[in-house]
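Note sheet for the following structure.
The values are calculated or read from the model by the stated rules, or taken from the named source; none is laboratory data. Worth saying up front: this structure is predicted, and the values here are computed from it rather than measured. So basically every Cβ, Gly included, is an ideal-geometry build from the backbone, and we count neighbours across all protein chains shown. The area values use the complete protein model at the heavy-atom level, side chains included, leaving out ligands, DNA and RNA. Shrake-Rupley method; radii C 1.70, N 1.55, O 1.52, S 1.80 Å.
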Amino acid sequence: MTHSFFGGVYPATRKDITRRKPMARLPKPPKEIVIPLMMCADGSATPVVGPGDAVTVGQPIAKRDGKGAALHASVSGRVSAIELRPHPWGGRSPAIIIQNDDRGELYAGRPAPLDPRTLTLEQAVERVEWAGVVGMGGGSFPAWEKMARSAGKVDTLIVNVAECEPYVTADYRLLLERSEHILRGAQALARCLRCERIVLVTEGDKLNAVEAVERRLRRSGSSRVQILPVRTCYPLGAEKQIIQTVTGREVPPGGTPIDVKCAVFNVATVYAIQDALFQGRPVTHRAVTITGGAVTRPRNLWVPIGTPLRYLLDACGGLREEADRMLIGGPMMGVALLDLESPVMKDTNSLVCLTGWEYKPDIPAGVCIRCGKCVAACPMHLAPTFIRRALEDRDLKRLAQYHLEDCNACGCCSFICPAQIPLVETVAQAAGLVRRGEVEQ
C-alpha cells in the first residue's frame with residue numbers, strides 16, 4: 001500500500017534518451033584526475049600525499065580530521081600538484097591532481113571483506129567512514145554519521161531509487177544492472193540499524209528494474225525486503241515525501257526521518273556501502289548520466305571520481321549544437337555548471353546540456369496574479385506567494401511565521417508559476433533575511 005503526499009508537479013520526464021543505455025566504462029580514463037578536498041557537506045579533508053608521490057587505485061589520499069570525508073585515488077599514477085581548481089559547487093577549491101599512468105594498479109592495503117553473518121554496527125560505521133561514503137544522491141552528508149544516529153531508532157529502511165528529476169537515469173541503470181549488490185548492501189545496512197522492513201522505492205515507469213529485483217527476491221526467499229513502484233510525481237525522491245509515500249508518516253516541521261522511525265539512503269549510497277563492507281573498496285567510481293538535447297550521443301557512464309566533466313562530454317561525441325544551459329543534476333534542482341573543467345564528485349549523478357527548446361530561458365518575471373498554483377504545488381505546505389509579498393514589505397515578523405526552514409528548494413513553485421516568478425530564489429532570500437534578522441536581534 002502506498003500513500004500520497006501533498007502537492008507536487010508533473011514535468012516531462014525525458015528519460016527515454018538514456019534509460020535503455022547500459023552503463024559503459026570510459027574507452028580510456030583521462031590523463032589528469034582532479035579530486036577536490038571539499039566533497040562532503042560537513043567540510044573539506046586534509047591531504048596525506050604530496051606532489052611527486054605515487055598512488056594506486058583506492059589508496060587514501062586525504063583524511064577527514066573530524067570533518068569532511070576521506071578521499072581515495074581513483075586511478076594509479078603520480079600526484080603532480082595540490083592547487084586551486086574549478087569546483088562544481090561554484091568557485092575554485094583546493095584539489096589533488098593525479099597524472100594517470102593508465103596501469104590501473106590496485107592499492108595493496110585494501111582492507112579484507114567483512115563477514116555479513118557477524119557484521120556489527122561498529123564495524124560497519126568504521127568501514128564506511130574509512131571508505132569516504134557520503135550521500136550520493138546530492139546531499140553529500142556523511143553516510144556513517146546517519147548510520148550511527150539511526151541505529152536502534154528506526155523500523156523502516158527506505159532505499160531511494162525514485163530518481164524523479166527529468167533526464168537522469170544513473171540510479172535506474174545501477175539498480176537494473178547491479179541489483180544483487182544493492183540488495184546485499186540494503187540487507188546488511190538494515191541488520192546494523194536493526195530495521196524490521198526494507199523498501200526499495202522506484203517510480204512506476206521502471207518496470208524492468210522492478211522485475212529484475214523481484215526475481216532476485218523470489219530466489220532468495222527474503223520476506224522483509226520489498227520493491228515498491230510508485231506513480232511518477234515530482235518530488236517523490238525528496239526525503240520527507242518518500243517517507244510519507246511509503247509509510248504514511250509525516251516528518252514534523254524541523255524534524256528528521258528518525259522522528260518517524262525511518263532511515264533513507266540513496267541507491268548509489270547503498271551500493272557504495274556494500275562495496276566498502278564486502279569488497280573492501282572505497283568510493284572511487286560512480287554512475288553518471290550525460291544527456292540533454294545538445295549532447296551528440298547521450299549515455300550512462302561508470303567513471304572515476306575526479307574526471308573532468310569536459311572529458312565525459314567528449315566521450316559522448318561532444319555537443320551537436322550549442323547548449324543554452326548546462327546543469328549538474330536535473331533541470332528542477334540542478335546547479336548551473338560554470339566550468340566544464342570541474343570534476344565529477346561523489347554526488348555527481350548527471351551532466352544535463354539543454355537546448356533552447358528544452359530550457360525556458362530567463363525572462364523578466366511577470367506580475368503575480370494570485371492564482372494559488374504555487375501553494376497547491378508546494379509539497380512542504382508553504383505559501384510562496386505570501387512569502388514573496390512579506391519579503392517585498394521586509395516584514396520579518398510575518399516571514400518568521402511561514403516556516404521557511406522547511407523549504408527543500410525542490411522548484412515546484414517556480415515550475416508551476418504562470419508569471420515565471422523565481423519563487424525558489426525568493427524563498428531562499430527570505431530565509432536568509434530571517435536568519436540575519438535573528439542574529440541582529
Value of relative contact order over the chain, rounded to a whole percent, pairs C-alpha under 8 Å and six or more apart: 19 percent
For Lys373, the accessible surface traced by a 1.4 Å probe with all protein chains present amounts, in square angstrom to the nearest 10, to 100 Å²
What list of ³J(HN,Hα) couplings, whole Hz, do you get for segment 189-196 from phi and the Karplus terms 6.51, -1.76, 1.60, once you set θ to phi - 60° and write x for glycine and proline? 5, 5, 5, 5, 7, 6, 8, 8
Could you put Glu163, Glu180 in order of accessible surface area, largest first, with the 1.4 Å probe and the full protein assembly present? Glu180, Glu163
Return the whole-Å distance between the Cα centroid of segment 241-288 and the Cα centroid of segment 179-201. 10 Å
At a 1.4 Å probe radius, which order do Trp357, Trp302, Trp89 fall into by accessible area, largest first? Trp357, Trp89, Trp302
Pop out the ³J(HN,Hα) list for segment 79-93 in order, Karplus 6.51 cos²θ - 1.76 cosθ + 1.60 with θ = phi - 60°, rounded to Hz; leave Gly and Pro as x. 5, 9, 5, 10, 8, 6, 9, x, 10, x, 7, x, x, 10, 9
For a quick check: with amide H placed at 1.01 Å from N, whose amide H comes under 5 Å from Cys40's, ignoring anything fewer than 5 positions away on the same chain? Ala69
Taking θ as phi - 60°, what are the ³J(HN,Hα) couplings along segment 15-28 by the Karplus curve (6.51, -1.76, 1.60), each to the nearest whole Hz, with x for Gly and Pro? 8, 4, 4, 10, 5, 9, 9, x, 5, 10, 7, 4, x, 8
So what's the projected area for segment 203-278, the Cα convex hull averaged over all directions, in nm²? 6.4 nm²
Accessible surface of Lys21 - all protein chains present, 1.4 Å probe, nearest 10 Å²: 70 Å²
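So if we plug the beta-carbon distance of Gln123 and Phe6 into 1/(1 + (r/R0)^6) with R0 = 35 Å, what FRET efficiency do we get, rounded to 0.05? Display every interim value, and only then the final one.
On the way: r = 40 Å, r/R0 = 1.16.
Plugging the Cβ-Cβ distance into 1/(1 + (r/R0)^6) gives 0.30.
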Suppose a student asked you for the relative contact order of segment 312-441, using Cα pairs under 8 Å spaced at least 6 residues apart; what percent would you report? 22 percent
Can you sort His87, His381, His285 by solvent-accessible area, 1.4 Å probe, largest first? His381, His285, His87
Could you compute how much accessible surface Tyr172 exposes when probed at 1.4 Å, giving the result in Å² to the nearest 10? 10 Å²
Taking the chain and counting helices only, DSSP H stretches of n ≥ 4 at -39,500 (n - 2.57) each over all residues, the nearest-500 ellipticity at 222 nm comes to -8500 deg cm²/dmol
Candidate aspartates and glutamates for bridging to Lys28, where Cα separation is under 18 Å - those fewer than 8 sequence places away on the same chain excluded: Asp101, Asp102, Glu105, Asp314, Glu341
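On a 19 Å Cα-Cα criterion, which of the cross-link pairs Lys146/Lys240; Lys206/Lys240; Lys206/Lys373; Lys153/Lys240; Lys21/Lys206 come out too long?
Result: Lys206/Lys240; Lys206/Lys373 exceed 19 Å.
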Spin-label point model (7 Å from Cα, Cβ direction): what's the Lys28 to Glu145 distance in nm? 4.2 nm
Structure-derived Cα extents along the principal axes in Å - corresponding label in [x] 96, 76, 52; [y] 62, 48, 45; [z] 64, 49, 49: [z]
Amide H contacts under 5 Å for His285, placed H, 5+ residues apart: Ile305
Let's test the formula: R0 of 51 Å, r as the Cβ-Cβ distance of Val335 and Arg219. What FRET efficiency results, to the nearest 0.05? 0.80
Once amide H atoms are placed 1.01 Å from N in the peptide plane, what residues at a sequence separation of 5 or more from Leu228, or on another chain, have their amide H within under 5 Å of its amide H? Leu200, Val201, Thr202
